[in-house]
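A short write-up of the structure that comes next.
The values are calculated or read from the model by the stated rules, or taken from the named source; none is laboratory data. It should be emphasised that the depicted structure is a prediction, and the values quoted were computed from it without experimental measurement. As a convention, Cβ positions derive from the backbone with ideal geometry for all residues, glycine included, and neighbour counts pool all protein chains shown. Protein only, heavy atoms only, side chains kept; ligands, DNA and RNA dropped before computing areas. Shrake-Rupley method; radii C 1.70, N 1.55, O 1.52, S 1.80 Å.
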Amino acid sequence: MNKKKIIYLLALAALLFTATACQQEEDPTVGKAKVTFIAELPDLPEHLDSRAIGDGDYANELFLWVYDDEGREIQGLRQRNIGFQGKIARVTVYLTPGHTYGFAFWAQHKDLLSYVPGNSLIDMYYRVNCNDETRDAFWNWIPNLEVSTAGEITQDIILVRRLSQVNCGITLEAYQEAKRAGVDLKDYDSELKLNSTSDEPIAYNWFNVVAGQPIVGDDDHMEWDLDFTKAPMPNEPLRVGSKSYMYLALSYFQPLVDEFSLADATLVLHHKYGLKPNITYKWPNSSFKGNYRTNLLIRSLTEDVKFDVIIDQNFANQDNNYDTDGNPIGE
């Protein structure tokens, strides 16, 4: 057998060996199983019957991360720029039968600069204006999805909020009372400040999309003080339960999601034309938590001023009400 024929046979054997090895250990990034996720933003809360702040309408871009059965991201399957139709986004990946995968989802406003999705992390920045509803965002995690056949798999998921929403409002009666006294609050822009009242930070800069939790323990990526700079007030009512208030300020940030964080909240109203002094309201030692909204409410301007802090779990009707000392009170 001549040398050329021997080299040809060796090359052919190597090729057959490579093909056999590929069959035995298939590349999980190139699969034959079509897996489609139908990702849906949460329904409008029961007590809101029309479009409102906090209903998720501004989340219009979906991100997807895919992980193997050892928890390593398969970067070739990462996707972004997935659009929504209404409140539903569809995303498809082709996977390898016989493998188990995990999937992380994140939805936010397209090209939002204060959230930067990266390698299993969302970088969050808080040097932002007050009253920016586009900073609402949603998440979910699907672990241990086994792809057993080469057929098509469809999976529905509901995206959930991990952020905290903080709102400031005043009763319509108190607003009219101030207007009669010569102060029209609609002539003001609002600034919102939060200052931690414990040894723990109020907000975190890194959110882990696999754990669904902020990353704690790194002082460089934690915030004890937040200042959402002045901006025009929201142009719609603030609804809390069955009651309507004039919306004064709002913002979103990432506190803990398993326990409450405590902070002093300060609302500063700046006259748009600089003709009148600032107006300041304070809610000491207020509670904040991921997927809760904290409503800081002003009920009267003439009586001894009493502020209510209403914690609205999951943006639904399960309210926990607190007085200015942090004590539970009735509605």
Scanning the range 66-111 for residues that are under 16 Å from Ile122 (Cα atoms) and of a type in the set (D, E, K, R), the one least open to solvent (accessible area, probe 1.4 Å) turns out to be Glu73
Output for the range 93-115, where each listed residue is under 23 Å from the mean Cα position of the chain (by Cα) and either under 20 Å from Lys34 (Cβ atoms) or among the aliphatic types (A, V, I, L, M) (or both)
Gly102, Phe103, Ala104, Phe105, Ala107, Leu112, Leu113
Could you check, for the range 87-103, whether at least one of its residues is among the charged types (D, E, K, R) and farther than 27 Å from Asn235 by Cβ?
yes
Among the candidates Tyr58, Tyr101, Tyr94, which residue alone is in a strand (DSSP E or B), closer than 23 Å to Val160 by Cα and either in contact with a helix residue (DSSP H, G or I) (Cβ under 6 Å, 6 or more places away or on another chain) or among the hydroxyl-bearing types (Ser, Thr, Tyr) (or both)?
Tyr101
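Residue-by-condition table, conditions (1) touching a Lys or Arg at 6+ places or on another chain (Cβ under 9 Å); (2) part of a strand (DSSP E or B); (3) more than 23 Å from Leu238 (Cα to Cα); (4) open to solvent by 50 Å² or more (accessible area, probe 1.4 Å):
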| residue | (1), (2), (3), (4) |
| --- | --- |
| Pro143 | no, yes, yes, yes |
| Thr149 | no, no, yes, yes |
| Ile170 | yes, yes, no, no |
| Ser190 | yes, yes, no, no |
Quick check on the range 269-287. Is at least one of its residues of a type in the set (Val, Ile, Thr), farther than 17 Å from Arg135 by Cβ and in contact with an Asp or Glu (Cβ under 6 Å, 6 or more places away or on another chain)?
no
Subset of the range 104-132 (residues that are within 21 Å of Glu70 (Cα to Cα), in contact (Cβ under 8 Å) with a residue 12 or more places away in the chain, part of a loop (DSSP other than H, G, I, E, B) and not polar (S, T, N, Q)):
none
Being farther than 17 Å from Gly290 by Cβ and open to solvent by 60 Å² or more (accessible area, probe 1.4 Å) narrows it down to one residue among Asp218, Asp227, Asp258; which is it?
Asp227
When you check Trp65 against the structure, is it in a strand (DSSP E or B) and within 30 Å of Met233 (Cα to Cα), yes or no?
no
The condition of being at pLDDT 95 or above, within 21 Å of Ala211 (Cα to Cα) and either open to solvent by 10 Å² or more (accessible area, probe 1.4 Å) or out of contact with any Lys or Arg (no Cβ under 7 Å at 6 or more places or on another chain) (or both) holds, among Val128, Val116, only for Val116
Six or more apart or on different chains, Cβ atoms under 7 Å: show the pairs whose first residue is in the range 166-192 and at pLDDT below 95 and whose second is of a type in the set (Lys, Arg).
Asn167/Arg293; Thr171/Arg299; Ala174/Arg299
Does Tyr204 fit the bill of being aromatic (Phe, Trp, Tyr), farther than 30 Å from Ile142 by Cβ and open to solvent by less than 30 Å² (accessible area, probe 1.4 Å)?
no
